[in-house]
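No lab work stands behind these numbers, since they all come straight from the coordinates. As the structure is a prediction and not an experimental result, all values here were calculated from the model. Here Cβ is always computed from backbone atoms with ideal geometry, including for glycine, and neighbour counts include all displayed protein chains.
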There are 2 protein chains.
Amino acid sequence: MIDTKDVRGILTLVVTPFKKDLAPDQGRWIRHCRWLRTQNCGLAVFGTNSEANSLSFDERMTLLSALVEAGLEPEAMMPGTGSCSIPESTRLTSHAVGLGCAGVLMLPPFYYKGVSDEGLFRHFSEVILRVGDARLRIYLYHNPPVTQVPITLALMERLLKAYPRTVVGIKDSSGDWSNTEAMLKAFPGFGVFAGNETTLLATLRGGGVGCISATANINAAAIHDLYANWQAADADGRQEKLNDFRLAMQKFPMIPALKETIAHCAGDPEWSRARAPLIEFTAEERKGLLAELEKRGFEMPGLAALAEI
Amino acid sequence: MIDTKDVRGILTLVVTPFKKDLAPDQGRWIRHCRWLRTQNCGLAVFGTNSEANSLSFDERMTLLSALVEAGLEPEAMMPGTGSCSIPESTRLTSHAVGLGCAGVLMLPPFYYKGVSDEGLFRHFSEVILRVGDARLRIYLYHNPPVTQVPITLALMERLLKAYPRTVVGIKDSSGDWSNTEAMLKAFPGFGVFAGNETTLLATLRGGGVGCISATANINAAAIHDLYANWQAADADGRQEKLNDFRLAMQKFPMIPALKETIAHCAGDPEWSRARAPLIEFTAEERKGLLAELEKRGFEMPGLAALAEI
């Protein structure tokens with residue numbers, strides 16, 4: 001499903017569990033990644049929903065190395081490696097490329113607001129030149145609701161022209177379908193991923209390659225089913241069902257909601273924890289979430305068995 | 001002027017020069033810090049105007065150590081040490097405290113938007129407890145136009161109550177005088193710094209302790225003169241003159257404008273460079289800036305002599 005030259009399909013923005021002392025819980029994290037692989041999902045570790053920016057760069061590299069050492073295929077991994085600084089983005093990216101990851105998901109530098117496309121172009125250029133590895137495949141991470149620093153079509157055009165074999169795709173988390181549509185039209189053959197599964201079918205119909213989804217942490221199989229059957233007669237019905245579930249989740253803060261759902265389905269309350277500045281659910285939020293899950297007879301097939309390994 | 005128990009006065013958000021390969025230019029940086037000390041300014045290195053978040057954490061620690069080794073007094077330093085993650089903020093803060101810095105200027109974690117005061121309180125608490133050093137003095141860095149993550153009065157109240165000997169002040173870069181005024185009224189005795197010199201006089205009259213200014217990189221002496229003479233008859237006139245200059249600078253992107261001014265006054269074009277995503281001035285911007293400086297007969301006294309060291 002995941003191929004270094006042409007990444008397609010469903011990737012999960014893998015959530016990161018923490019121990020009581022807030023250290024990353026490597027064991028639970030690797031188990032969760034294994035489960036996601038059984039659901040045919042690629043591993044977009046260290047995205048926004050992974051609390052990546054709440055981790056140190058060393059913590060991220062240690063985790064990624066451990067994941068590869070645990071036997072998971074780097075060809076299925078697209079770690080987030082963008083940061084505010086050229087040296088740190090370079091360090092994370094070089095490490096990921098060295099491990100053989102299929103690609104990296106790269107945020108723009110997100111501290112300064114209102115920066116020019118010229119400045120962003122130079123930032124990405126510096127990182128690409130410093131990594132200096134022909135194996136590098138960059139998927140731009142357009143997430144203006146969080147970063148407040150957009151990756152414009154004009155910037156994409158420059159990057160694609162300058163680095164056609166390196167800058168090969170984008171995750172569009174703008175939440176604005178007209179933007180995804182414009183990307184699909186402007187750059188045929190470019191690897192456009194929907195930012196979540198609610199636009200998966202439209203993205204595939206427009207020539208895109210899949211989606212990179214937070215909800216796939218818990219609803220992986222159903223999302224992958226739509227990807228695998230997007231040309232089937234019941235595709236629109238499948239999309240509607242995915243949307244219903246996504247909208248139910250969006251009633252809650254997404255990251256703790258995902259963790260709480262895993263905690264519930266795995267019978268493992270350790271999963272509930274977040275690292276500040278994010279916080280775990282209140283008892284009331286948990287009650288509301290469980291009601292939504294129960295209403296839909298929701299489960300995470302195979303998770304409980306895997307959790308016992 | 002700067003005292004570990006009670007930091008007061010004018011601190012400069014020191015700009016960071018870069019070499020052609022974009023490495024921090026340690027020599028020029030230390031010379032500039034020396035000049036600022038001759039102008040009675042404290043050194044708020046690694047603030048927003050220092051391009052701090054475009055530096056790696058190692059670059060920041062290397063620079064700070066070099067500054068102390070070069071003989072500048074850590075008692076005059078308030079490095080920025082806030083980051084998106086608890087471990088990195090802890091690492092930078094411990095390093096600064098270990099060097100004997102007067103205080104640290106601490107951004108909130110700024111990746112996630114819309115986070116709760118509870119989450120921010122936990123973030124700051126974790127850093128304080130992990131640093132675990134009675135010498136630590138934190139100045140909160142409230143800069144919502146850039147971070148988009150405000151430090152509310154309610155959060156300040158909680159932090160002050162929990163860590164009264166550690167959380168001792170704030171830089172208010174909100175650009176909203178009513179917010180500075182509210183802080184001054186709510187927390188008498190707390191070290192409130194104006195976010196720039198345009199509200200220096202009002203801040204001092206309201207019981208605040210000074211300002212932490214970007215423009216002080218170039219206009220240090222005049223800003224310090226107002227601080228030293230704020231109760232003099234001509235204080236309002238001095239404030240007006242400072243405002244006129246600040247407003248002239250604000251016609252341009254601030255960071256490259258400061259660097260371009262230093263380049264001009266020191267006769268040293270190396271200073272013009274910024275690190276992406278920021279960019280240096282165009283020829284037209286430079287022309288416009290120099291016209292503003294010339295109109296005011298602007299100079300940076302003693303800089304040229306020091307630049308020859």
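If you place +1 on the Cβ of every Lys and Arg and -1 on the Cβ of every Asp and Glu, how big does the dipole about the Cα centre of the stretch A:42-112 come out, in debye to the nearest 20? Spell out each step's value before the answer.
Details: 2 positive and 7 negative charges, 36 e Å.
Dipole of the stretch A:42-112, to the nearest 20 debye: 180 debye.
Under the rule of -39500 (n - 2.57) per DSSP H run of 4 or more residues, summed and divided by the residues of chain B, what mean residue ellipticity at 222 nm is obtained, to the nearest 500 deg cm²/dmol?
Value at 222 nm, helices only, nearest 500: -14000 deg cm²/dmol.
State the answer as a single residue: which of A:A276, B:L290, A:A23 lies farthest towards the positive end of the charge dipole of the protein assembly as shown, with beta carbon charges of +1 for Lys and Arg and -1 for Asp and Glu, about the Cα centre.
Comparing the listed Cα positions along the dipole, A:A23 ranks first.
Can you give the local net charge around A:T282? Use residues other than it whose beta-carbon is closer than 12 angstrom to its beta-carbon, Lys and Arg +1, Asp and Glu -1.
On the way: positive: A:R286, A:K287; negative: A:E260, A:E280, A:E284, A:E285, B:E118.
Neighbourhood net charge equals -3.
Over chain B, calculate the relative contact order: mean separation of alpha carbon pairs under 8 Å at least 6 apart, over the residue count, as a percent. List each step's numbers first, then the result.
Details: 520 pairs, mean separation 57.6, N = 309.
Relative CO of chain B lands at 19 percent.
Within 10 Å, Cβ to Cβ, of A:P145, how many net charges do the neighbouring residues add up to if Lys/Arg are +1 and Asp/Glu are -1?
Numbers: positive: B:K113; negative: A:D176.
Overall, the nearby charge balance is 0.
In nm, one decimal, shortest first: how far is the label point of A:D236 (7 Å from Cα along Cα to beta carbon) from the matching points in the other copies?
Copy-to-copy label distances for A:D236: 7.1 nm.
Projected onto the charge dipole of the stretch A:1-132 (+1 at Lys/Arg Cβ, -1 at Asp/Glu Cβ, origin at the Cα centre), which of A:L13, A:S116, A:G98 gives the Cα projection farthest towards the positive end?
A:L13
Sorting B:T62, B:T48, B:T199 on the 10 Å Cβ count, fewest up front, what's the list?
Numbers: B:T62 14, B:T48 25, B:T199 22.
Neighbour counts put them in this order, fewest first: B:T62, B:T199, B:T48.
Test of understanding: in a Gaussian network model of chain B with alpha carbons linked when under 10 Å, which of B:A283, B:A162, B:A66 would top the mean-square fluctuation ranking?
B:A283
Using Cα springs under 10 Å in a Gaussian network model of chain A, which residue among A:V168, A:V115, A:V192 shows the largest mean-square fluctuation?
A:V115
Viscosity 1.567 mPa s, temperature 4 °C: what is the translational diffusion coefficient of the stretch B:49-128 from Stokes-Einstein with a Kirkwood Rh over Cα pairs, rounded to a whole number of µm²/s?
Values: Rh = 13.2 Å.
Calculated translational D: 98 µm²/s.
Near the amide H of B:V167, under 5 Å away, which other amide H atoms are found, from residues 5 or more places off or on another chain, if H is placed in the peptide plane?
B:I138
Kindly put B:K295, B:K171 in sequence by how many other C-beta atoms sit within 10 Å of each C-beta, fewest to most.
Numbers: B:K295 9, B:K171 31.
In increasing order of surrounding Cβ atoms, one gets B:K295, B:K171.
What are the residues whose amide H is under 5 Å from the amide H of A:R273, where those residues sit 5 or more places off or on another chain and H is modelled from the backbone?
HN-HN under 5 Å from A:R273: A:F18.
For the pairs A:K113/B:K171; A:K19/A:K113; A:K251/B:K161; A:K185/A:K241; A:K171/B:K113; B:K171/B:K259, flag any whose C-alpha to C-alpha distance is greater than 29 Å. Intermediate values should be presented prior to the final figure.
Numbers: A:K113/B:K171 20 Å; A:K19/A:K113 34 Å; A:K251/B:K161 34 Å; A:K185/A:K241 27 Å; A:K171/B:K113 20 Å; B:K171/B:K259 22 Å.
Violating the 29 Å limit, Cα to Cα: A:K19/A:K113; A:K251/B:K161.
Between beta-carbons, use under 11 Å as the cut-off and find the net charge around B:T48, counting Lys and Arg +1, Asp and Glu -1. Spell out each step's value before the answer.
Numbers: positive: A:K113, B:K171; negative: B:E51.
Net charge around B:T48: +1.
Which order results if B:E69, A:E126, A:E75, B:E88 are arranged by neighbouring Cβ count within 10 Å, fewest first? If you can, show how the numbers build up before the last one.
Values: B:E69 10, A:E126 18, A:E75 15, B:E88 24.
With the fewest neighbours first, B:E69, A:E126, A:E75, B:E88 line up as B:E69, A:E75, A:E126, B:E88.
What is the distance in Å between the Cα centroid of the stretch B:134-183 and that of the stretch A:78-128?
Using only Cα atoms to place each centre, the spacing works out to 31 Å.
Applying the Karplus parametrisation 6.51 cos²θ - 1.76 cosθ + 1.60 with θ = phi - 60° to the phi angles of the stretch B:120-126, what ³J(HN,Hα) value in whole Hz is obtained for each residue in order, glycine and proline being reported as x?
So the J values, rounded to whole Hz, are 5, 4, 5, 4, 4, 4, 4.
Over the Cα atoms of the stretch B:187-286, compute the convex hull volume and normalise it per residue, giving Å³. Don't skip to the answer; put the middle values down first.
Working: hull volume 11.2 nm³, N = 100.
Dividing the Cα hull volume of the stretch B:187-286 by its residue count gives 112 Å³.
Compute the convex hull volume of the Cα atoms of the stretch B:9-233, divide it by the residue count, and report the result per residue in Å³ as a whole number.
Cα-based convex hull of the stretch B:9-233, divided per residue, equals 113 Å³.
So if the hydrodynamic radius of the stretch B:81-126 is defined as the Kirkwood radius over C-alpha pairs, what does Stokes-Einstein give as its diffusion coefficient at 20 °C and 1.002 mPa s, in µm² per second?
Working: Rh = 11.1 Å.
D, rounded to a whole number, is 194 µm²/s.
Report, to the nearest 10°, how far helix B:153-162 tilts away from the longest principal axis of the Cα atoms in chain B, using its own Cα long axis and a range of 0 to 90°.
60 degrees
Considering only DSSP beta bridges with both partners in the stretch B:9-233, what is the antiparallel share in %, to the nearest 5?
Values: 1 of 25 bridges.
Restricted to the stretch B:9-233, the bridges split so that about 5 percent are antiparallel.
Output, in nm with one decimal and in ascending order, the distances from the B:E299 label point to the matching label points of the other copies (7 Å from Cα along Cα-to-Cβ).
8.3
How big is the dipole moment of chain A about its Cα centre under a simple scheme where the beta carbon of each Lys and Arg is +1, that of each Asp and Glu is -1, and everything else is neutral? Debye, nearest 20, please.
Working: 32 positive and 35 negative charges, 90 e Å.
Using Cβ point charges on Lys, Arg, Asp and Glu, chain A gives about 440 debye.
For A:V15, enumerate residues with amide H under 5 Å from its amide H, sequence gap 5+ or separate chain, H modeled in the peptide plane.
Amide H neighbours of A:V15, under 5 Å, 5+ apart: none.
Run the dipole for the protein assembly as shown about the Cα centre, Lys and Arg Cβ at +1, Asp and Glu Cβ at -1, nothing else charged, and hand back the magnitude in debye, nearest 20.
Numbers: 64 positive and 70 negative charges, 51 e Å.
It comes to approximately 240 debye.
Under the classification rounded if a/c is under 1.5, otherwise prolate if a/b is larger than b/c and oblate if not, where does the protein assembly as shown fall, given a ≥ b ≥ c as square roots of the Cα gyration tensor eigenvalues? Mind showing how you got there, number by number?
Details: a/c = 2.17, a/b = 1.66, b/c = 1.31.
Because a/c hits 1.5 or more and a/b exceeds b/c, the protein assembly as shown counts as prolate.
Write down the percent of antiparallel bridges among all DSSP beta bridges whose residues are both part of the protein assembly as shown, to the nearest 5. Present the calculation step by step, with values, prior to reporting the outcome.
Values: 2 of 50 bridges.
Antiparallel: roughly 5 percent of the beta bridges in the protein assembly as shown.
Per residue Cα convex hull volume for the stretch A:99-230, in cubic angstrom?
On the way: hull volume 15.8 nm³, N = 132.
Convex hull volume per residue, Cα atoms: 120 Å³.
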